[in-house]
Amino acid sequence: MNESMAFLTELAVRERKNPGEGLLGQLVRDHGDEISDKELAGFADGLLTGGHDTSTSMLALGTLWLLENPDELAKVREGGEHVSKVVEELLRYMTVVQVAFPRFAREDLELGGQRIAKGEMVLCSLTAANRDPSLGADMDRVDPLRDAPSHLAFGHGIHRCIGAPLAQMEMRIAYPALLRRFPSLRLAVPYDEVPFRELAIVYGVKELPVAF
């Protein structure tokens with residue numbers, strides 16, 4: 001992470017001296033006086049981490065689920081309104097960003113029946129929140145037709161991911177396009193042999209072996 005931020009900070013400095021045609025160059029031209037190099041590097045880091053790793057992981061995981069559920073795969077390939085329902089339910093079920101940023105209590109308090117002491121760190125499991133039984137029945141199962149409240153895959157409130165609409169649009173476009181481009185797409189290994197990431201903040205697979 002340190003190496004990545006050092007590289008992106010150098011990139012921000014170069015873009016400020018000679019703004020290119022990309023997003024960082026545009027930000028420098030439009031808001032250069034308002035944004036420091038550190039902030040510009042932070043934006044770039046957010047794009048790479050929040051807008052690339054999460055989206056690619058979600059595309060792979062969703063594809064894996066669709067390949068294991070041919071009836072839903074056929075519906076998604078056709079497109080239409082059902083795709084949005086599948087996407088939202090997969091986002092809830094997969095919750096690729098598994099925990100929210102840590103919070104620290106400024107004072108003693110009680111939250112949800114739990115005592116939290118001043119200075120203690122609190123981690124919120126977005127995965128557990130998205131599968132809370134109070135939201136409905138069978139939350140550990142994908143059901144695109146379920147009538148459930150909005151999920152927390154993108155966080156909530158002022159900390160909701162600013163890229164959420166883009167990510168949702170990417171999924172709605174990518175899944176049908178992939179299945180139409182490769183109508184015979186299938187797993188190249190048994191499901192149990194698909195290698196999942198271990199000890200990663202962003203849930204996903206290490207690779208998704210497929211054939212077509």
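General remarks:
- GNM remark for the chain: springs join alpha carbons under 10 Å apart, and the peak mean-square fluctuation among Q114, Q168, Q26 falls on Q114.
- Pairs of C-alpha atoms in segment 59-163 farther apart than 21 Å represent 46 percent of all such pairs.
- Equivalent ellipsoid of the chain: semi-axes from √(5λ) of the C-alpha gyration tensor, largest first, are 32, 27, 16 Å.
- Each principal axis of the Cα cloud of segment 4-50 was taken in turn, and the coordinate range along them, longest first, works out to 24, 19, 18 Å.
- In the context of the full protein assembly, V189 retains an accessible surface of approximately 40 Å², using a probe radius of 1.4 Å and ignoring ligands and nucleic acids.
- For segment 1-65, chymotrypsin sites (Phe, Trp or Tyr not before Pro) are listed when DSSP marks them as loop and at most 10 other Cβ atoms sit within 10 Å of their Cβ; the list is empty.
- Dipole magnitude for the chain: about 220 debye, using +1 per Lys or Arg Cβ and -1 per Asp or Glu Cβ, origin at the Cα centre.
- Every Cα-Cα pair of segment 163-202 was included, and the share exceeding 12 Å stands at 73 percent.
- Each pair of Cα atoms in segment 34-85 enters the Kirkwood radius, and Stokes-Einstein at 20 °C and 1.002 mPa s then converts it into a translational diffusion coefficient of 160 µm²/s.
- Panel note: the C-alpha atoms of segment 124-212, placed on their principal axes, show extents of 41, 27, 26 Å (largest first).
- Projected onto their three principal axes, the Cα atoms of segment 78-120 cover extents of 53, 19, 13 Å, largest first.
- Between G204, G20, T9, the Cα set farthest toward the positive side of the dipole of the chain (charges on each charged residue's Cβ, about the Cα centre) is that of G20.
- For segment 1-96: rounded, prolate or oblate by the Cα gyration tensor [a/c cutoff 1.5]: prolate
- Relative contact order of the chain, pairs being alpha-carbon contacts under 8 Å that are 6 or more residues apart, as %: 21 percent
- Heavy-atom surface analysis with a 1.4 Å probe gives the chain a carbon and sulfur content of 56 percent of its accessible area.
- Backbone HN-Hα couplings from phi across segment 98-106 [Karplus 6.51/-1.76/1.60, Hz, Gly and Pro as x]: 7, 9, 6, 4, x, 10, 10, 5, 7
The values are calculated or read from the model by the stated rules, or taken from the named source; none is laboratory data. None of the values given here were measured: they were computed from a predicted structure. Note: ideal-geometry Cβ built from the backbone for every residue, glycine included; neighbour counts use all protein chains shown. We work out accessible area using only protein heavy atoms, side chains counted, and drop any ligands, DNA or RNA first. Shrake-Rupley method; radii C 1.70, N 1.55, O 1.52, S 1.80 Å.
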